[in-house]
Each structure stands twice: as C-alpha cells, then as structure tokens.
Amino acid sequence: MTISREKRSKPDANSIKTDRLLLRDLHDADWVSVHEYSSDPKVCEFMDWGPNSARETKEFIKRAMRAAKDKPRFAYDFAITWQDADRVIGAVSLVLVGFPPNQAMIGYVLGRQHWGQGIMSEAVGAVIGFGFETLKLHRISASCDPKNMASFRVMEKCGMRREGYFVEDKYIKGRWRDTLAYSILAREWNDRQSGRQAK
Ligand SMILES: CC(C)(COP(=O)(O)OP(=O)(O)OC[C@H]1O[C@@H](n2cnc3c(N)ncnc32)[C@H](O)[C@@H]1OP(=O)(O)O)[C@@H](O)C(=O)NCCC(=O)NCCS
C-alpha cells in the first residue's frame with residue numbers, strides 16, 4: 001500500500017535512504033506493522049525474544065523511542081520501510097558499547113514475506129555506513145546462530161569477517177545454542193568503499 005506524502009511520518013535527523021529503502025526512527029503508530037513480524041514464530045526462531053505479545057511489541061517501541069531521546073544516544077532501532085510506503089517491514093538495531101563508546105553491536109529482523117530480496121543486506125550495509133561515517137565508530141560486530149544461514153550471509157555480504165565460533169554459549173528458548181561472531185573495522189569498511197568506487 002502506498003501512503004501519500006502528507007500521511008508519512010516526518011523524516012528524522014538520523015533517517016537513512018538506500019536505493020530502495022528508508023530507515024527511520026520508530027513511532028507509536030508503528031506497533032501494528034512491527035507486531036506482524038515480531039509475533040511470527042518463524043521470524044523469531046533464532047532470536048532471544050518472541051514471538052511477542054501485543055504488549056511486548058508496544059513495550060519494545062516505547063523503549064526504542066526513549067532511547068532515541070537519550071543524549072548522547074547509545075541505541076538506534078531503525079525501522080525499515082520501502083521508500084514509497086511508510087509501513088514498517090523490519091528493523092536494524094545498532095547499540096554502542098565501550099568506554100568511550102566507539103564500538104557497536106548490530107542486530108536485524110525482517111517480516112517473512114520480504115525475505116530473499118536482498119533487503120537486509122541493503123539495510124545493514126547502510127547502517128554500518130552510518131556507524132562508521134556519521135558516528136565515527138571503530139568497530140561493528142554482529143552474531144548469529146550457525147544454523148541461521150540467511151543471517152550470516154547478510155553479514156558476509158556486508159563485508160563482515162567471521163572471527164569466532166562459540167559452542168553452546170547461549171541458552172535460548174529451552175536449549176543451548178552455538179554462536180558465530182562477525183565484525184568489521186572502520187578501515188576495512190573504508191577499503192571496501194574505495195574498492196567499489198574504483199570499479
Ligand atoms: C536473516 C534475515 C534478516 C535475512 O534477510 P533477507 O533480506 O532475506 O536477506 P538478504 O536477501 O539480504 O540475504 C540473504 C542471503 O542469505 C541467503 N539465504 C537465505 N536463506 C537461506 C538459506 N536457508 N540457506 C542458505 N542461504 C540462504 C540468500 O540467498 C542471500 O544470499 P545471496 O544473496 O548470496 O544469495 C531474515 O531471514 C530474517 O529476518 N530472519 C529472521 C530474523 C533473524 O534471524 N534475524 C537475524 C538474527 S541474528
């Protein structure tokens with residue numbers, strides 16, 4: 001569904017445009033579209049949360065909105081929308097860590113009907129760019145269950161390096177799970193960008 005410009009949420013200072021997407025802060029009114037994927041057991045299979053109740057989804061949005069007001073800001077939950085439709089189809093989170101906070105952890109989730117179209121690689125690549133170019137971070141890391149091939153392919157497509165395999169380090173939804181760890185440094189990101197421009 002395409003929503004007219006007048007009905008779109010106001011662009012916020014940290015919104016990011018990619019070829020197809022607009023990444024922006026979350027708002028109260030987003031809870032219905034966020035709940036569509038956050039209540040889907042298949043989407044939540046590898047997550048340490050969910051499937052969410054309506055209340056849990058609303059609480060998540062409230063937390064994200066509170067974090068967006070923090071100064072300095074340590075947590076970014078970018079809602080993913082198509083550029084011509086304001087409906088939220090997924091999200092990418094970027095949480096700053098360290099003293100001073102010059103590193104970050106990235107996480108992401110997408111509604112099932114949108115899988116397999118390169119959307120998350122496009123969104124995560126843009127958020128990594130935001131982390132290095134706007135926030136001047138030194139290092140960004142991410143992790144996933146080794147069985148979650150789509151997730152580690154996203155990290156690899158965004159230029160992240162596999163740097164570790166942890167055995168049964170997380171107890172999620174009744175069983176011990178392994179973790180694959182990935183990261184990328186600012187200089188690796190810059191090299192990758194220069195390589196792309198040279199082509
Ligand atoms: C992981 C997730 C975000 C991927 O989003 P997406 O937009 O479908 O990802 P992309 O299309 O950008 O890329 C996915 C890559 O994985 C590959 N892939 C997808 N499913 C796969 C599977 N079952 N086996 C092997 N590869 C798979 C795709 O082919 C693609 O790689 P390619 O372009 O080299 O072919 C999405 O599946 C999702 O939201 N899953 C549920 C939540 C989740 O697991 N989040 C991550 C937690 S760490």
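If you rank 196, 161 by fewest surrounding Cβ atoms within 10 Å, what's the result?
Details: 196 9, 161 13.
Ranked by crowding around the Cβ, least crowded first: 196, 161.
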- Item | Counting all C-alpha pairs of the chain, share separated by more than 29 Å (%) | 21
- Message: Given the -39500 (n - 2.57) contribution per DSSP H run of 4+ residues, what per-residue ellipticity at 222 nm results for the chain, rounded to the nearest 500 deg cm²/dmol?
- Response: -9000 deg cm²/dmol
- Task: Enumerate by residue number the GluC sites (Glu not before Pro) in the stretch 1-110 meeting two conditions: DSSP loop (anything except H, G, I, E, B), and at most 16 other Cβ atoms within 10 Å of the site's Cβ.
- Result: 45
- So how do 24, 175, 192 line up by other beta-carbon neighbours within 10 Å, fewest first? 175, 192, 24
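Which net charge results for the neighbourhood of residue 62, defined as the other residues with beta-carbon distances under 14 angstrom from its beta-carbon, given Lys and Arg at +1 and Asp and Glu at -1? Spell out each step's value before the answer.
Details: positive: 55, 58, 63, 66, 69; negative: 25, 28, 30, 56, 59, 70, 77.
Here the count lands on -2.
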- Message: Please report the net charge: other residues with Cβ closer than 9 Å to the Cβ of residue 178, K and R +1, D and E -1.
- Response: 0
- Task: Could you list, in their original order, any pairs among 42/147; 147/173; 17/199; 62/170; 157/199 whose Cα atoms are separated by more than 19 Å?
- Result: 17/199; 62/170
- Query: Name the trypsin sites (Lys or Arg not before Pro) in the stretch 25-59 that are in a loop by DSSP and that have at most 11 other C-beta atoms within 10 Å, would you?
  - Reply: 42
- Message: Could you list 31, 82 so that the one with the fewest beta carbons within 10 Å of its beta carbon is first and the one with the most is last?
- Response: 82, 31
- Item | Reach of residue 136 by Cα under 17 Å, taken over aspartates and glutamates that are not fewer than 8 positions away in the same chain | 188, 191
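Tally Lys and Arg at +1 and Asp and Glu at -1 over the other residues with C-beta under 12 Å from the C-beta of residue 90: what net charge comes out? Please report the intermediate quantities before stating the final value.
Working: positive: 87, 112; negative: 30, 36, 40, 77, 122.
Net local charge, residue 90 excluded: -3.
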- Query: Remind me, relative contact order of the chain in percent, using alpha carbon pairs under 8 angstrom and six or more residues apart?
  - Reply: 16
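Every number here is computed from the coordinates shown, using simple stated rules; none is lab data. Fair warning: this is a prediction, and the values are worked out from it, not measured in the lab. Note: ideal-geometry Cβ built from the backbone for every residue, glycine included; neighbour counts use all protein chains shown.
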